[in-house]
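Each reported figure results from applying straightforward, stated rules to the coordinates on display, with no laboratory input. Being a predicted model, the structure only gives us computed values, none of them experimental. Cβ placement follows ideal geometry from the backbone for every residue including glycine, while neighbour counts extend to all protein chains displayed.
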Amino acid sequence: MLFPNPATNMINVRIDAVTLQNNTIIRISNSAGDVVYTESFMRTAFRALKQVDVSKLPNGVYFLTVTADINTNTTLTFIKQ
């Protein structure tokens, strides 16, 4: 889950995972497929809420991919205004 959508400054990403603790990667790509943001962190719970600053991204459509467990990717779409 990702909110608010559309976003202006910050987005909140709710991560629901199968494992209790694992390295988690958040990647944001633009509509051309270029990766414009990457963050990696150690998640220490099944559910986590992560804030991502998108204020410097140009307006447009973006794809946020969360890798929370091995071979488990979730891709969400959001609009930056």
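Specify the residue with the greatest mean-square fluctuation among Ala68, Ala48, Ala17, computed from a Gaussian network of the chain linking alpha-carbon atoms under 10 Å apart. Sorting by GNM fluctuation, first place goes to Ala48. Summing charges over neighbours of Val61, with a neighbour being any other residue whose Cβ is under 13 Å away from its Cβ, gives 0 when K and R count +1 and D and E count -1. For the range 56-81, the residues whose amide N sits under 20 Å from a probe point set 7 Å from the Cα of Asn23 along the beta carbon direction are 65-75.
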